[in-house]
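The values are calculated or read from the model by the stated rules, or taken from the named source; none is laboratory data. Source: prediction; values computed, not measured. Cβ: placed from backbone, ideal geometry, glycine included. Neighbour counts: every protein chain shown.
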Ligand SMILES: [Ca+2]
């Protein structure tokens, strides 16, 4: 065989491998998932099955031994994995303790919290980075959003500490807040009424001293003395949604303790 022909043959053999067979995505697809598990996360499912619609799917993040159910938002073609929804339709109680927040509660296609263990395994997969989107709606047909270029949480030993990348959007960066650095929730641990990691020992607000943000706001969250974001507080109906201590709060968008009508938290692999 002529050297040129031999070279062409080798190039033809290697070409497809270099373009697709050896890509990271193809390697991921070779992970031995059970047949009812469609991917490691919703972004992975969307890549494997581009025409697949939004809905409930079983996912198994890389490194996780068991699958779990999530709702995948496939509308914009990216494949978002939703991990929290509030809309008041289920009157789902979010004032729960550590064990419930760790495990998750509610149904994937309705109001729910996916659970800290699942969120940890989802956002800590090898060679994947996740972006966070926070969608918010008020009772006057207004909407706003916040995006964070990176999002992951630590494991349970580190109390699921929050790690955020840079902010963009029009709702304001309530996670970091606009107050003193002590109220910055980024880098802070998760708290519930029965596991207090909020930095209040106590916190002083005007003439009130409080020991627990979770107890005060009836919510499990990444509180930091206590901060401006809390999307796990009590859901309040229209005309009764202002002035409550506990509510669906994103105070860089809506102040005066305005409790929002709707919120969702979701991640996409980037
Ligand atoms: Ca405390």
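Could you please tell me which pairs satisfy a Cβ distance under 7 Å, a separation of 6+ or placement on different chains, a first residue in region 174-201 that is under 18 Å from residue 265 (Cβ atoms), and a second residue that is modelled with pLDDT under 95 and more than 11 Å from the ligand (Cβ to nearest atom)?
That search, which allows pairs on different chains as well, returns 177/183.
Select, from 32, 9, the only residue that is assigned to a loop (DSSP other than H, G, I, E, B), farther than 22 Å from residue 267 by Cβ and modelled with pLDDT under 85. Break it down into steps so the answer makes sense when it comes.
On the way: 9 fails: assigned to a loop (DSSP other than H, G, I, E, B).
Exactly one of 32, 9 is assigned to a loop (DSSP other than H, G, I, E, B), farther than 22 Å from residue 267 by Cβ and modelled with pLDDT under 85, namely 32.
Tell me, please, whether a residue that is within 14 Å of the ligand (Cβ to nearest atom) and either under 25 Å from residue 120 (Cβ atoms) or surrounded by 23 or more Cβ atoms within 10 Å (Cβ to Cβ) (or both) can be found in region 228-239.
Initially, region 228-239 is screened for residues within 14 Å of the ligand (Cβ to nearest atom), giving none.
No, region 228-239 has no match at all.
Being more than 16 Å from the ligand (Cβ to nearest atom), surrounded by fewer than 17 Cβ atoms within 10 Å (Cβ to Cβ) and either farther than 28 Å from residue 79 by Cα or more than 15 Å from the chain's Cα centre (by Cα) (or both) is the requirement here; does residue 96 meet it? Full working, then the answer.
Numbers: more than 16 Å from the ligand (Cβ to nearest atom): yes; surrounded by fewer than 17 Cβ atoms within 10 Å (Cβ to Cβ): no; either farther than 28 Å from residue 79 by Cα or more than 15 Å from the chain's Cα centre (by Cα) (or both): yes.
Considered against the rule, which asks whether it is more than 16 Å from the ligand (Cβ to nearest atom), surrounded by fewer than 17 Cβ atoms within 10 Å (Cβ to Cβ) and either farther than 28 Å from residue 79 by Cα or more than 15 Å from the chain's Cα centre (by Cα) (or both), residue 96 comes out as no.
Go through (1) within 16 Å of the ligand (Cβ to nearest atom); (2) surrounded by fewer than 23 Cβ atoms within 10 Å (Cβ to Cβ); (3) in a loop (DSSP other than H, G, I, E, B) and name the single condition residue 182 misses.
Every condition holds for residue 182 apart from (3).
Looking for something part of a loop (DSSP other than H, G, I, E, B), at pLDDT 95 or above and more than 13 Å from the ligand (Cβ to nearest atom) - is there at least one such residue anywhere in region 198-215?
no
Quick check on region 185-196: of everything there that is surrounded by fewer than 21 Cβ atoms within 10 Å (Cβ to Cβ) and in a loop (DSSP other than H, G, I, E, B), which residue is farthest from the ligand (Cβ to nearest atom)? Spell out the reasoning first.
Step one: filter region 185-196 for residues surrounded by fewer than 21 Cβ atoms within 10 Å (Cβ to Cβ), giving 186-187, 189, 193-196.
Next, only the ones that are in a loop (DSSP other than H, G, I, E, B) stay: 186-187, 189, 193-194, 196.
Values: 186: 18, 187: 17, 189: 11, 193: 10, 194: 12, 196: 4 Å.
Looking at residues that are surrounded by fewer than 21 Cβ atoms within 10 Å (Cβ to Cβ) and in a loop (DSSP other than H, G, I, E, B), I get 186.
Select from region 152-165 the residues that are away from the ligand (no atom under 16 Å from the Cβ) and more than 15 Å from the chain's Cα centre (by Cα) and write down the one among them that is nearest to residue 102 (Cα to Cα).
Result: 156.
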